[in-house]
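Asks: One structure, as structure tokens, below. Some questions next.
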Amino acid sequence: MRAMVYRGPYKIRVEDKQMPSIEHSNDAIIRVTKAAVCGSDLHLYHGMMPDTRVGMTFGHEFVGVVHEVGASVRSLKPGDRVMVPANIYCGSCFYCARGLYSNCHNVNANATAAGALYGYSHTVGGYDGGQAEYVRVPFADVGPSVIPEWLDDEDALMMTDALATGYFGAQLGEITEGDTVVVFGAGPVGLFAAKSAWFMGAGRVIVIDHLNYRLEKARTFAHAETYNFVEIDDIVVHLKRATDYFGADVAIDAVGAEADGNVIQHVTAAKLKLQGGSPVALNWAIDSVRKGGVISVMGAYGPIYSAIKFGDAMNKGLTLRMNQAPMKRQWPRLLEHIKAGYLKPNEIVTHRFPLEDIAEAYHVFSAKLDGCIKPVIIVGDQ
Amino acid sequence: MPYTPNKPQPPETPEQLRARIPGWGVDLDPKDRPSVPRERFDPGATGAHWEFPERQPETVPRERSVEHQFLTPVFGTSAPLKWCSGRIRRMAYRLGEDRAARWLILLGADRVDAWENHLASFITLRPDNPVTQTGVTSEFNHHGVSSRVGQQRADVRHHWMDPIIVAGPWVVGAGAAIALGLKAAARFRNR
């Protein structure tokens, strides 16, 4: 089969790879039709996540058609059109039994500090991902769901991570009616978090980024008020002034490990890999939220330390909430919102590339060329 | 103002927000939010028909964190440990996850892994190609210049480092190979 393969930092290619096989009785093999490149895939692509091995296939956002199922699979059959949550989870461990699917203890042999994801280094389990013609999906009775007839493939694709994560981020913010919510980052997760904040009754939603084309999307897609931090001397002071010197009630970090805005933080983290991530957005969130406010962290960070301003968080009495989103837990409610017409997830998709051109897709997304917000990889037919 | 007891009112009323934003307030009640409460004990909700999963056969010895009691019942088989980078990674897996050394050794092994595979690719019919594999050709057909110039992007200030990170090791490697070659040639001539 053809598959994207990592060759080292900033280098990937498509090559012939051995077909995945059933390795456990509850596995399924999915023939991928569409995959997406996630902002957190760029951390792997840039060589930031420990134990990212040459030969691995990335991709934790994908939809497809069931090709083969293991002997114990009951809920899927070949031919079913399915969406697969980014998390791999067993459904029965202490954490899964409590809905914390992203913290499953039975799927990541390499670390207990993280659950497992498709195509996201051995630090999260060493599973190949879906930027390929076929992919092994463990626990087929637990993770994947048949896509409803009425739901478009690309909308389903956004449900596998970006939409579910953005919505989850807004939930962790514990938003109450009339709250001011500031979202750092106008990428896919930030856009969905901003949109979701309104569902939860926010009175004001502010989005911060440095890319004007993404801020334009935040205004049109997420109805948000926007600021470009490059055009402002000090974004934290600006947010205080804009909120009557209060600060926001809730801040959502939808940027993560490669945040810009402070060259030293960015270079030590993203270029020299001496931090688990550049915590610029997180530090801005801590400083711009009001005392007693809530920080929700959706941006991905690596397992090494980062220079985070915990003193300010402690002295301000902040609540810091974070986790990898348990994607499937969000799906029933999100399907209702899509069906009701409250959101159309694929409105954030800006680029579509065939699998053979995936190296270009990564570069365009990484370098933010051509107004790119979300690239989708077209792998096969339905 | 935070100097007085009351919170500032948002600029728009709920009615105005409801009229302007599709779905405003539909999840206002935390009971409508799927991740509230954070933990909800419901083992039957996942579709799992086991209490502990059947074990995936370990056909190749599989590394695991020392913080796990045993190899997890299911695990990834994407890229088993091999070569020099595999030995380094094995060292890292002897350390607990709290140790920075564990992760820094793994990052070091990642760089060794890339080098091993670059070198190995030169004895195959498809050697690594830094031009096609970096997708840099998209600079020419996806508005590489106009996407950056005049856009006030914060990242443009450090983009110059990317080619050094990508090409730097190749240049150093080529330089080292040439130096070694010249040294060997000089030694041969002096015999």
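Every number here is computed from the coordinates shown, using simple stated rules; none is lab data. What you are looking at is a predicted structure, and each value in this text was computed from that prediction instead of being measured. Reconstructed Cβ throughout: ideal geometry from the backbone, glycine too, with neighbour counts over all protein chains shown.
Asks: Rank by packing, highest mean first: peptides A:42-48, A:283-289, with packing defined as the count of other Cβ atoms within 10 Å averaged across residues.
Replies: A:283-289, A:42-48
Asks: Then there's this: Could you state the number of Å between the C-alpha centres of segment A:330-375 and segment B:78-130?
Replies: If you average the Cα positions of each part, the centres end up 32 Å apart.
Asks: Which shape class applies to chain A: rounded if a/c is under 1.5, otherwise prolate when a/b exceeds b/c and oblate if not, where a ≥ b ≥ c are the square roots of the Cα gyration tensor eigenvalues?
Replies: In terms of gyration-tensor shape, prolate.
Asks: Which whole number gives the average count of other chain Cβ atoms within 10 Å of the Cβ atoms across peptide A:121-128?
Replies: 5
Asks: Follow-up question, since we're still on this one. Write down the radius of gyration of segment A:8-74 and its Dmax, each obtained from C-alpha positions, in Å.
Replies: Final numbers for Rg and Dmax: 14.3, 41 Å.
Asks: With an 8 Å cut-off on Cα pairs and a minimum separation of 6 or more residues, tell me the relative contact order of chain B in percent.
Replies: Across chain B, relative contact order equals 9 percent.
Asks: Counting only other chains, what is the mean number of Cβ atoms within 10 angstrom of the Cβ of each residue in peptide B:145-155?
Replies: 6
Asks: Normalising by the residue count of segment A:132-262, find the relative contact order in percent from Cα pairs under 8 Å and 6+ residues apart.
Replies: Reported relative contact order: 24 percent.
Asks: So which chymotrypsin sites (Phe, Trp or Tyr not before Pro) in segment A:110-150 are both in a DSSP loop and have at most 11 other Cβ atoms within 10 Å of their Cβ?
Replies: Those that pass, being in a loop and sparsely packed, are A:TRP150.
Asks: Looking at this model, which pairs from A:LYS339/A:LYS368; A:LYS328/B:LYS31; A:LYS328/A:LYS368; A:LYS195/A:LYS339; A:LYS217/A:LYS374; A:LYS195/B:LYS7 are more than 21 angstrom apart at the alpha-carbon?
Replies: Beyond 21 Å between Cα atoms: A:LYS339/A:LYS368; A:LYS328/A:LYS368; A:LYS195/B:LYS7.
Asks: Shielding of B:30-42 by partners, i.e. mean partner chain Cβ atoms within 10 Å per residue?
Replies: Other-chain Cβ atoms within 10 Å of each residue's Cβ, averaged: 6.
Asks: Could you please report the charge total around B:THR13, scoring K, R as +1 and D, E as -1 over all other residues with beta-carbon less than 13 angstrom from its beta-carbon?
Replies: Cβ neighbours under 13 Å give a net charge of 0.
Asks: Additional query: Using DSSP to call loops (not H, G, I, E or B), can you name the chymotrypsin sites (Phe, Trp or Tyr not before Pro) in segment B:113-172 whose Cβ has at most 15 other Cβ atoms within 10 angstrom?
Replies: B:PHE122, B:TRP160
Asks: Here's another thing I want to ask about it. Relative contact order for segment A:28-110: what percent, with Cα pairs under 8 Å and sequence separation of 6 or more?
Replies: Relative contact order of segment A:28-110: 25 percent.
Asks: Something else about it: Name the most mobile residue of A:ALA36, A:ALA340, A:ALA359, meaning the one with the largest mean-square fluctuation, in a Gaussian network model of chain A with Cα contacts below 10 Å.
Replies: Fluctuation is largest for A:ALA340.
Asks: Compute the distance from the alpha-carbon center of segment A:1-28 to that of segment B:146-191, in whole Å.
Replies: Segment A:1-28 and segment B:146-191 have Cα centres spaced 30 Å from each other.
Asks: State which stretch of chain A is the longest one without any exposed GluC sites (Glu not before Pro), exposure meaning a DSSP loop state and at most 15 other Cβ atoms within 10 Å.
Replies: A:178-382
Asks: So what are segment A:1-147's ellipsoid semi-axes, whole angstrom, largest first, if each one is the square root of 5 times an eigenvalue of the alpha-carbon gyration tensor?
Replies: Square roots of five times the eigenvalues give 23, 19, 12 Å.
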